[in-house]
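Beneath this line is the structure, given in C-alpha cells, with notes to follow.
The values are calculated or read from the model by the stated rules, or taken from the named source; none is laboratory data. Note that this is a predicted model, so its numbers are computed, not measured. Here Cβ is always computed from backbone atoms with ideal geometry, including for glycine, and neighbour counts include all displayed protein chains. Side chains are part of the model used for accessible areas, which takes the heavy atoms of the whole protein and leaves out ligands, DNA and RNA. Shrake-Rupley method; radii C 1.70, N 1.55, O 1.52, S 1.80 Å.
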Amino acid sequence: MTSLREENRPAAGAQPAKLTIPIVDLSLLAKPNGVEEAAKLRSALQSWGLFVVTGHGMPKEFLDEILDATRKFFHLPLEVKQKCSNVIGGAMFQNEGYGTDRIDSDEQILDWELLHEYTVKIGKVTMDVLKAMAKLVDQKEDFFIEMVGERFKSYARFTYYPPCPRPELVNGLKPHTDNSVITLLLMDKDVGGLQVLKDGHWVDVPVLGHDLLVVVGEGMEIVSNAVFKAPWHRVVTSVDKERVSLATFYQPEPQRIIGPPGALVHEKRPPMFKKCLVQTLADGYWDAFAVGERTVDFLNVRIDAEADGKLELESVATNN
Ligand SMILES: O=C(O)CCC(=O)C(=O)O
Ligand SMILES: [Fe+2]
C-alpha cells in the first residue's frame, strides 16, 4: 500500500472538534405534530447534510446480528471470501444483488434472508426520511419518492477496515460524497472512524450504538435543486482496532433522467443542475472518486458552481 501525499493525509486538517452531530427521532418525525422534530431535521440538513436517526424501530438484536455476520464474513479465510467476489477473471461481473449469486460455500454467512430483512426494514426508514424531507420543501410526502421511482435501486456495501499501523498515513476511505439519494449507515458499535467535513474541518462522527446515520447524496442534491447538499466524508483507520460498516445507498431507477424539479425552481433559485441520466451518474462515480471530485462536477452536471454557495436552505424552506 502506498502512503498518501502529505497534504492528503488524514491527520492534515483534522480538528478535535467539539461539535455534535445532530440527532433526529424518526418516531416523533412521523407523527402529525412532529413539528419540533422537523425543525431539528431542517437544521441538521442545512448545517451538516447528515444526521443520526433514533427511533427507527429496528430491534437491537437484529442489528447486532447483521454486524456480527459482517464481521464473521470478513474473518473467513481469503479463499472462502474470494468465492463471493464480484470480480471474476479481473472483471466486475455485477455490482448489485446480494453477492450470493456466485457463492457456493457451505460457510456462507451473510445469507440472503438476513440481508433481505434488513433491506426491507431499512427501506421503510428511508421512505420515512424522504417523506419528512419532502415536507421540509413544502411538497407532498411522496415528492422525492416519485422522483426516485418505484424501481429504485438499493445497494448494500459492507466495508471492513483492518487495523492500520500508521493511520496518519492512509485513509480507510478517502474523502467523497455519496452517489445516492440518501445513504443509510449502520456502523461498528465500538470503533469510530467516520468523519464529516464541516466548515472546513473534519469532525468525528461518534460511535452510534444501534442508531443509524443518514447521509445526503448527490442524487438528492440534484432532485432538491441543491436545497439539500451532500456532505464530504471520509473514514480514518485505527492503529489496533478493526471496524465494520454497512452502507445502503438509495439510487433512482437507472434509466430515469433526473434534474431539478419545477416545484423547486423559481426566480431566486434557478436550476442548479442539468438534466442527467441516472446511469450516467452511476458510471461516472468511480472516475470522479478516483480524482477526488464530486460526480456532478466531474461530469459537468452542475450549472453554476458560483451561485451555489449563495443559496441557503431558508430561501425555499422557511416560507412553509
Ligand atoms: O464506513 C463508513 O462509516 C462510511 C462508508 C461510506 O462513507 C461509504 O461507503 O460511502
Ligand atoms: Fe460515503
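Which residues, counting only those in the range 143-167, are open to solvent by 40 Å² or more (accessible area, probe 1.4 Å) and within 16 Å of ligand 1 (Cβ to nearest atom)?
Lys153, Ser154, Tyr155, Ala156, Arg157, Phe158, Tyr160, Pro162, Pro163
All but one of (1) in a helix (DSSP H, G or I); (2) touching a residue at least 24 places away in the same chain (Cβ under 8 Å) hold for Gln255; state the number of the condition that does not hold.
The single condition Gln255 does not satisfy is (1).
Given the criterion within 14 Å of ligand 2 (Cβ to nearest atom) and under 27 Å from Gly55 (Cβ atoms), identify the matching residue among Leu213, Leu208. Lay out the reasoning, then the answer.
Working: Leu208 fails: within 14 Å of ligand 2 (Cβ to nearest atom).
None of the other options fit; the residue is Leu213.
Tell me the strands (runs of 3 or more DSSP E) entirely within the range 177-250 that contain at least 2 residues that are closer than 22 Å to Asp64 by Cβ and within 13 Å of ligand 1 (Cβ to nearest atom).
Qualifying strands (runs of 3 or more DSSP E): 182-187, 212-216.
Of all the residues that make up the range 24-42, how many are open to solvent by 60 Å² or more (accessible area, probe 1.4 Å) and either of a type in the set (S, T, N, Q) or under 16 Å from the mean Cα position of the chain (by Cα) (or both)?
Matching residues across the range 24-42 total 1.
Go over the candidates Val170, Val236 one by one and state the one that is open to solvent by 10 Å² or more (accessible area, probe 1.4 Å), within 15 Å of ligand 2 (Cβ to nearest atom), among the aliphatic types (A, V, I, L, M) and farther than 22 Å from Thr126 by Cα.
Result of the check over Val170, Val236: Val236.
Scan the range 208-218 residue by residue and report those that are open to solvent by 10 Å² or more (accessible area, probe 1.4 Å) and within 16 Å of the chain's Cα centre (by Cα).
Leu208, Asp211
Looking at Val223, is it under 20 Å from Val196 (Cβ atoms), crowded, with 18+ Cβ neighbours inside 10 Å and of a type outside the set (D, E, K, R)? Full working, then the answer.
On the way: under 20 Å from Val196 (Cβ atoms): no; crowded, with 18+ Cβ neighbours inside 10 Å: yes; of a type outside the set (D, E, K, R): yes.
No; evaluated as a whole, the condition is false for this residue.
Would you please list the contacts, defined by Cβ atoms under 6 Å and residues six or more apart or on different chains, that run from a residue in the range 264-280 that is closer than 21 Å to Tyr250 by Cα to a residue that is surrounded by 14 or more Cβ atoms within 10 Å (Cβ to Cβ) and of a type in the set (D, E, K, R)?
Short answer, once both residue conditions are applied: Phe273/Arg302; Val278/Arg256.
Among the residues that make up the range 177-188, is at least one of them acidic (Asp, Glu), more than 11 Å from ligand 2 (Cβ to nearest atom) and surrounded by fewer than 19 Cβ atoms within 10 Å (Cβ to Cβ)?
Looking through the range 177-188, none of the residues is acidic (Asp, Glu), more than 11 Å from ligand 2 (Cβ to nearest atom) and surrounded by fewer than 19 Cβ atoms within 10 Å (Cβ to Cβ).
Glu168 - would you say it is in a loop (DSSP other than H, G, I, E, B) and either closer than 23 Å to Leu67 by Cβ or among the acidic types (Asp, Glu) (or both)?
Yes.
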